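Asks: Just passing along the structure, written as structure tokens.
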Amino acid sequence: MLWKIRTELADRPGALAELAARCGADDINILSLEVFTAESGAVDELVVSTGVGWTSDDLAALTAEAGCVRTTVSPCQADVLSDAPTRYLRAVLRLIDDPLAVDEELEALQGFGEYTPAEWARADVLVEIAGRLSVQYAEEVQDVPRPGDGALVDLRRATVEDAEAVVAMHDRCSYESRTRRYHVPMPRLTARTARHLSAPAGGVSVVATVDGAVIGMATAAPWEELDGSAMEIAVLVEDGWQGQGLGSQLLRQVIRESRLLGADRVLCMVQPDNAAMLRTVEGLRMRTRVVPDGDNLMVAIALSDQSLSHSVDRGPVPYRQTRAIPAHRSQSARSTGQPAREHALAGPGAVPPAPDRGGAADRDGADRGGRP
């Protein structure tokens, strides 16, 4: 049976020889070896062949006897025996045909949960390749009707059947629009994530469509830390449709749907310089609280008379990157005692002023403050 072992050797000369000797004493054949340099020392990845009866626990105990620490063992197949450059080149070949496969390729190439610095660098390059390919393919996407063409926009609940059209809409969106929506760079949306966004567990999504093409999307999903009484919301509108009031329509519709699902308030994370989203929230004319949360603003919108006052009694909830995109930034909560600012949003100045970015964000708030 074949096993992949990742372990950190003792920081002394002859440590690898000691591990090899220990394997040889138990008739374990080392078939391949790759060494990574990490801050804590050398990390070795071995593929070994054992006889019948060996388990992952047995192999972990063997490496410990040889002085190794932080060992991970998992069964593997013979394809891991090809050298690393060949495996990564094959991954690039697959990405040429399907940039959306980057997640699956990275999982296959780097199956252990923790990456070494060298593996992070490799993963970054693969993600960049997938991103460039997706941009190239997006240029080939057939255009959809634009404002002024007489096209009728339909707003409705999304389903998993909308996933393909949602991916196409993301492909047509600019890098900035996607980053505003997700708070992290988003080269391309995977089909799996699109299905999740189209029908979030315990939540709801609303899409704006024209002739079957999705041109905007608003999503609400339970904010799990707040016992199901709050929904986290986010909005994304295709660049060509921004500035037409579509973001406001989507936001109002997803708030109505959240109320029907029993939420007493909705929340979204907004970048402080995202003046468009703040103006869109202001245009709702609903009771709202704006609270600094790390590098962002947490905007809470009341759906009942007591919802915001009720939440004041709870401790601050740190914002987490969840559900769709892995976290790539530090996360911090509002410091204890830092006052929230509550606004009626009945007129100018209700929300904190944000610098004008010279039109970098759309005027109707279509670009998506939160990111369920």
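The values are calculated or read from the model by the stated rules, or taken from the named source; none is laboratory data. Computed from a prediction, not measured in an experiment: that's the story for all the values here. Cβ: placed from backbone, ideal geometry, glycine included. Neighbour counts: every protein chain shown. These accessible areas exclude ligands, DNA and RNA; they are computed on the full protein's heavy atoms, side chains included. Shrake-Rupley method; radii C 1.70, N 1.55, O 1.52, S 1.80 Å.
Asks: Condition test on Glu114, is it outside any helix (DSSP H, G or I), farther than 19 Å from Ala191 by Cβ, modelled with pLDDT under 80 and open to solvent by 80 Å² or more (accessible area, probe 1.4 Å)?
Replies: Considered against the rule, which asks whether it is outside any helix (DSSP H, G or I), farther than 19 Å from Ala191 by Cβ, modelled with pLDDT under 80 and open to solvent by 80 Å² or more (accessible area, probe 1.4 Å), Glu114 comes out as yes.
Asks: Another question, then. Here is a check on your reading of the model: is Arg195 in contact with a helix residue (DSSP H, G or I) (Cβ under 7 Å, 6 or more places away or on another chain), assigned to a helix (DSSP H, G or I) and over 16 Å from Val237 (Cα atoms)?
Replies: Yes.
Asks: If you don't mind, there's one more thing I want to ask. Restricting the search to region 228-270, which residues are basic (Lys, Arg) and either in contact with a helix residue (DSSP H, G or I) (Cβ under 8 Å, 6 or more places away or on another chain) or buried (at least 24 other Cβ atoms within 10 Å of the Cβ) (or both)?
Replies: Correct list: Arg265 only.
Asks: A further question follows. Would you please name the residue that is nearest to Leu31 (Cα to Cα), looking only at residues in region 61-79 that are touching a residue at least 40 places away in the same chain (Cβ under 8 Å) and hydrophobic (A, V, I, L, M, F, W, C)?
Replies: Out of the qualifying residues, it is Ala78.
Asks: Show the residue pairs meeting these rules: Cβ distance below 6 Å; 6+ apart or different chains; first residue within region 186-206 and touching a residue at least 60 places away in the same chain (Cβ under 8 Å); second residue hydrophobic (A, V, I, L, M, F, W, C) and in a loop (DSSP other than H, G, I, E, B).
Replies: These pairs meet every condition: Thr193/Ala324.
Asks: For residues that are open to solvent by less than 50 Å² (accessible area, probe 1.4 Å), over 21 Å from the mean Cα position of the chain (by Cα) and not hydrophobic (A, V, I, L, M, F, W, C), tally how many sit in region 88-105.
Replies: Residues flagged as open to solvent by less than 50 Å² (accessible area, probe 1.4 Å), over 21 Å from the mean Cα position of the chain (by Cα) and not hydrophobic (A, V, I, L, M, F, W, C) within region 88-105 amount to 1.
Asks: Among the residues of region 5-17, how many are outside any loop (DSSP other than H, G, I, E, B) and surrounded by fewer than 16 Cβ atoms within 10 Å (Cβ to Cβ)?
Replies: Result for region 5-17: 1.
Asks: Does Tyr137 meet the test of being modelled with pLDDT under 75, of a type outside the set (Val, Ile, Thr) and part of a helix (DSSP H, G or I)?
Replies: Considered against the rule, which asks whether it is modelled with pLDDT under 75, of a type outside the set (Val, Ile, Thr) and part of a helix (DSSP H, G or I), Tyr137 comes out as yes.
Asks: Now for a separate question. Out of all the residues in region 18-45, which are among the charged types (D, E, K, R) and assigned to a helix (DSSP H, G or I)?
Replies: Glu18, Arg22
Asks: Ala25 fails exactly one of the following numbered conditions: (1) farther than 23 Å from Leu109 by Cα; (2) surrounded by 16 or more Cβ atoms within 10 Å (Cβ to Cβ). What is the number of that condition?
Replies: Failing condition for Ala25: (2).
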